[in-house]
1. Run through the DSSP bridge list for the chain and note the antiparallel percent, rounded to the nearest 5.
2. What list of ³J(HN,Hα) values in whole Hz, one per residue of the stretch 9-18 in order, does the Karplus curve 6.51 cos²θ - 1.76 cosθ + 1.60 (θ = phi - 60°) give from phi, with Gly and Pro shown as x?
3. Among His52, His118, which comes first, second and so on when ranked by fewest other beta-carbon atoms within 10 Å?
4. May I ask you to list the trypsin sites (Lys or Arg not before Pro) in the stretch 1-98 that are in a DSSP loop and have at most 10 other Cβ atoms within 10 Å of their Cβ?
5. Suppose every K and R has +1 on its Cβ and every D and E has -1 on its Cβ; what is the size of the dipole of the stretch 45-118 about the Cα centre, in Debye to the nearest 20?
6. Let me know the volume per residue of the alpha-carbon convex hull for the chain, in Å³.
7. Note down the relative contact order for the stretch 38-94 as a percent, whole number, built from C-alpha pairs under 8 angstrom at least six residues apart.
Amino acid sequence: MKNEDYMKLAIKGAKEAVKKGKPPICSIMVKDEKIIARGWSSVGNEFDPSGHNDINCIKASCKALKTTFDLSGCVMYTTIEPCSMCLGCAAWAGLPKIVFGAYQEDISDNPYELKDYHAKELAKNMVLANGRKMEVVGGILKEECKQLMRNFKNWMPLK
Ligand SMILES: [Zn+2]
């Protein structure tokens, strides 16, 4: 399958999240063309400030593969550009590739993020826990991923 096909599955997961009272964002981890884990946000209703969808997906993937530092061969598809915390977690987990949809600047003006942050740029200077480099690809089905968040601001529903 192509990037777009996997991103469609992440978008489907994001729509499922709304039914569970979570923000419409989702990550899926793919290895050998199989989905090994998915992740949703657990921030708001579970009192979990680090519970971003990307971190939850990475943690579930590590459990599934019984590894802490080596997600070699995995690709994470995520509807929104990972924040710097999630990118750091991906580096700790040795994740070699991330493909995302909408850019951070498309959906928020998050005041907590690093100034001029771009996941792709930061990843260029990172060496992963397993000694590999990380590739980041952005903007896949960007408009669809952005539209998911149209009734949200900074990951919270608009009142
Ligand atoms: Zn994050």
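Taken together, the values in this text are just the output of simple stated rules run on the coordinates, not laboratory data. Since we're looking at a predicted model, the values are computed, not measured. Don't worry about glycine lacking a Cβ; one is built from the backbone with ideal geometry, like all the others, and counts go over all protein chains shown.
1. Details: 12 of 20 bridges.
Within the chain, antiparallel bridges account for around 60 percent of the total.
2. After applying 6.51 cos²θ - 1.76 cosθ + 1.60, I find 5, 5, 5, 4, x, 5, 5, 5, 4, 4 Hz.
3. On the way: His52 25, His118 16.
If I rank by nearby Cβ atoms, fewest first, I get His118, His52.
4. Working: sites: Lys2, Lys8, Lys12, Lys15, Lys19, Lys20, Lys31, Lys34, Arg38, Lys59, Lys63, Lys66, Lys97; in loops: Lys2, Lys20, Lys66.
Listed in order of number, the matching sites are Lys2, Lys20, Lys66.
5. Working: 5 positive and 10 negative charges, 102 e Å.
The dipole of the stretch 45-118 has a size of about 500 debye.
6. On the way: hull volume 16.3 nm³, N = 159.
So the per-residue Cα hull volume is 102 Å³.
7. Details: 53 pairs, mean separation 18.7, N = 57.
Reported as a whole number, the value is 33 percent.
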